[in-house]
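Okay, so here's the structure we're looking at.
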Amino acid sequence: MLTTVLLIIALLIIAGLATYAWILVRRVRTIQAEQARKQAQQQAKDEAQRDYIVNSLRIISGNVVDEDLNLSEATIRCKVLLDALLLPESERQRYQILDDVFEQVQHFDTHSARKSLSREERRQQDQDRELIESRHQEALMACFRDLRTFSDPLGQKG
């Protein structure tokens with residue numbers, strides 16, 4: 001009789017532990033499925049962002065080649081976009097001219113700061129900017145022609 005009672009108690013304990021283990025396994029699977037879903041959403045978001053950046057690079061570069069955008073402005077925009085892609089150094093090196101020219105033009109005033117300059121200061125900055133652009137025009141144009149058909153080496157799509 002005591003053996004039967006102990007056996008029933010043992011079976012109830014085992015059944016309780018098995019039920020608890022089953023509940024924990026279900027929770028783990030639910031958490032894993034949610035993590036996988038969130039990871040897939042983030043990956044899709046990251047890919048969409050990369051696609052947007054690549055498309056922006058192509059558009060800006062096309063505007064430069066078509067002479068609808070000045071070299072300095074395009075240089076600044078494309079340099080920032082390329083930085084956002086976090087390309088490997090071997091790939092990023094192809095666009096070193098953007099970094100070089102960016103360093104030379106980034107200090108020029110823009111927007112409201114430019115508007116607050118005197119006419120002479122604005123004219124001087126324009127001359128300085130144009131001189132930098134003319135010095136690097138050939139290399140920049142080659143770079144922008146290349147960027148016009150840029151393909152993301154890290155992205156799934158081209």
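The values are calculated or read from the model by the stated rules, or taken from the named source; none is laboratory data. As the structure is a prediction and not an experimental result, all values here were calculated from the model. Here Cβ is always computed from backbone atoms with ideal geometry, including for glycine, and neighbour counts include all displayed protein chains.
The sole residue among Ile97, Ile23, Ile31 that is part of a helix (DSSP H, G or I), modelled with pLDDT of 95 or more and under 19 Å from Arg135 (Cα atoms) is Ile97. When Asp83, Asp46, Asp68 are screened for being in a loop (DSSP other than H, G, I, E, B) and either without any contact (Cβ under 8 Å) to a residue 40 or more places away in the chain or of a type in the set (Ser, Thr, Tyr) (or both), only Asp68 passes. Please tell me if Ala74 is at pLDDT 95 or above, farther than 30 Å from Asp126 by Cβ and either in a helix (DSSP H, G or I) or of a type in the set (Asp, Glu) (or both). No; evaluated as a whole, the condition is false for this residue.
State whether one or more residues within segment 148-157 are over 30 Å from Ala44 (Cβ atoms) and either out of contact with any Ser or Thr (no Cβ under 9 Å at 6 or more places or on another chain) or at pLDDT 95 or above (or both). No, every residue in segment 148-157 fails to be over 30 Å from Ala44 (Cβ atoms) and either out of contact with any Ser or Thr (no Cβ under 9 Å at 6 or more places or on another chain) or at pLDDT 95 or above (or both).
Within segment 123-158, the set of residues being loosely packed, with under 14 Cβ neighbours inside 10 Å, over 19 Å from the mean Cα position of the chain (by Cα) and of a type outside the set (D, E, K, R) comprises Gln124, Gln127, Leu131, Ser134, Gln137, Ala142.
Annotation note: of Phe102, Phe108, Phe144, the sole residue that is assigned to a loop (DSSP other than H, G, I, E, B) and on the phi < 0 side of the Ramachandran plot is Phe108.
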